[in-house]
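Okay, so here's the structure we're looking at.
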Amino acid sequence: MNTSVSLTPILDLAQEPPTPPKSRFRVLRLVLYACIGAAIGVMAPDGFGAGLPGFNGLLWFPFLYIAIAIHELAHLAVGKLTGMPPGGLIVGGFVLMKSGDRWNFRFDRQRIFSGGMAIPLPSKHSFRIDAFAWMTAAGPIASILTTLACWLAFMKYGTGTWDWIGSFFWASCVGLFSLIPFSAGLQKSDAARVLMLLKDPQSARAWMAAVAVQAENARGLLPHEWDALLVEQMLAASQKGGESVFRELMAYFRALDLNDEVSAFAHLELTLAASAKAGKAVRQALYFEAAETTALLKHNAANARVWRDRALKLRKPESGACVDGAIAIAEGRFEDALREIEKARAFLVKRKLDSGLARFAHQRLNERERECRAALSSALAKSSAST
């Protein structure tokens, strides 16, 4: 009787992955919608808020995107002034990211109702807490100034034709939510991040190191080329809740690239253990990675299919070819695997990705293709010899 205990019980399906809790973002969204509803009521012809800016629902959404863009561009502008070049900008569904030697733009329909994100590219080992604090605080400061400017414009010119000044004012108010210190899943509000930078130096250094590792990936460095000290610093601080997901996942890819399977399994297990507070898109990516690792490194196609099915239940994937190809290899279906490899390669080319992880993905696909062709050649040789 085998009484050994798995070192990776979640990855090996001996233990279920953690169940996601109800998102606190739902509460914040309800508050936001309540504020919008109140604004609509206030601006009704006989509303109870006569004298406040008007509200036009048709204009509010595009102005919301503009307000988010101003907030995120302020992060990038101050980051640039403090020595951190811009590496990416996300405004709702509009995604502009530096990927290796090129900039990549796409529209993500699944993010259309999401907020924004600014991605700086700090240089390694040049961490200044004050620089990161000012960069983080720049977004809320810009939102405050934008809201104030809209209010002053309203006071001087009124609510504007079709209530455009008023609608811009209410859209700008959304950025003020970043002044509330809260954490949810993988995200921290700007206020919470500034407080961490000022009051928790150990966590601050780990977060800054994680940003720097992401910068090395964005510049096109392969995982094994990422600075080892940065990775060590990134993992040094105790990580609460969903904060560990990104850091452990990056460490997992680096271990894979270094052919350190034991460390890769350990980091992936920790990532899965913290996945409850990650969103569906992140959890799907983690489950797909668990499926590939289980198929190719643990050579267990049945378990890999379980992880694949779990991923597919979360949402419709952009592409599942990498996973399907890995499972086909584990099951000895090498011709099927080659077709899936070509689909996966075409997806990467279509996305025009050139980051370190994208280059690593191309390398992995090339290795799998060589493995499949070698297996097919060997099978053909055996068949010819037997006849």
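Here, each number is a calculation from the coordinates, and none is a lab measurement. Since the structure is predicted, the reported quantities are computational estimates derived from the model, not experimental observations. Reconstructed Cβ throughout: ideal geometry from the backbone, glycine too, with neighbour counts over all protein chains shown.
Using the alpha carbons alone, the radius of gyration of region 149-283 stands to its Kirkwood radius in an Rg to Rh ratio of 1.17.
Nothing charged except the Cβ atoms of Lys and Arg (+1) and of Asp and Glu (-1): what's the magnitude of the dipole of the chain about its Cα centre? Round to the nearest 20 debye. Each step should come with its number before you reach the end.
Details: 44 positive and 34 negative charges, 118 e Å.
For this selection, approximately 560 debye.
Relative to the longest principal axis of the Cα atoms of the chain, the long axis of helix 356-386 makes an angle of roughly 20 degrees.
Residues Leu13, Leu64, ranked from the fewest to the most other C-beta atoms within 10 Å, line up as Leu13, Leu64.
Going highest first, how would you order 69-77, 207-215, 334-342 by mean Cβ packing within 10 Å? Walk me through the numbers on the way to the answer.
Working: 69-77: 20.8, 207-215: 23.0, 334-342: 18.7.
Listed from highest to lowest mean packing, they are 207-215, 69-77, 334-342.
Taking the Cα centre of region 68-140 as origin and assigning +1 to Lys and Arg Cβ atoms and -1 to Asp and Glu Cβ atoms, the resulting dipole is close to 180 debye.
Rounded, prolate or oblate: which fits region 287-380 when a ≥ b ≥ c are the square roots of the eigenvalues of the alpha-carbon gyration tensor, with rounded for a/c under 1.5 and prolate only if a/b beats b/c? Note, shape of region 287-380 comes out oblate.
When each of Tyr287, Tyr65 is scored by the number of other beta-carbon atoms lying within 10 Å, the sequence from fewest to most is Tyr65, Tyr287. Do the alpha carbons of any pairs in Lys80/Lys124; Lys277/Lys316; Lys280/Lys313; Lys188/Lys277; Lys98/Lys350 sit beyond 18 Å of each other, and which pairs? The answer is Lys277/Lys316. Of Gly160, Gly79, Gly139, the residue with the greatest mean-square motion in the GNM of the chain, using alpha carbon springs below 10 Å, is Gly160. Once the Cα atoms of helix 201-218 and of the chain are each reduced to a long axis, what angle between those two axes, in degrees from 0 to 90 to the nearest 10, is obtained? That works out to roughly 70 degrees.
Each Cα pair under 8 Å and six or more residues apart adds its sequence gap; the mean of these over the residue count of the chain is a relative contact order of 16 percent.
Residues whose amide H comes within less than 5 Å of that of Asn56, counting only those at least five positions distant or on another chain, are Ser167 (H built at 1.01 Å from N in the peptide plane).
Scaled against 2.2 N^0.38 Å for its residue count N, the alpha carbon radius of gyration of the chain is 1.15.
Separation of region 72-118 and region 174-209 by C-alpha centroid, Å? After rounding, the separation between the Cα centres reads 18 Å. Each Cα pair under 8 Å and six or more residues apart adds its sequence gap; the mean of these over the residue count of region 282-374 is a relative contact order of 24 percent. By how many degrees, between 0 and 90 and to the nearest 10, does the Cα long axis of helix 57-81 differ from the longest principal axis of the chain? So the inclination is approximately 70 degrees.
How big, on average over all directions, is the shadow cast by the Cα convex hull of region 87-156, in nm²? Numbers along the way, then the final one.
Working: hull surface 27.6 nm².
If you wrap the Cα atoms of region 87-156 in a convex hull and average its projections, you get 6.9 nm².
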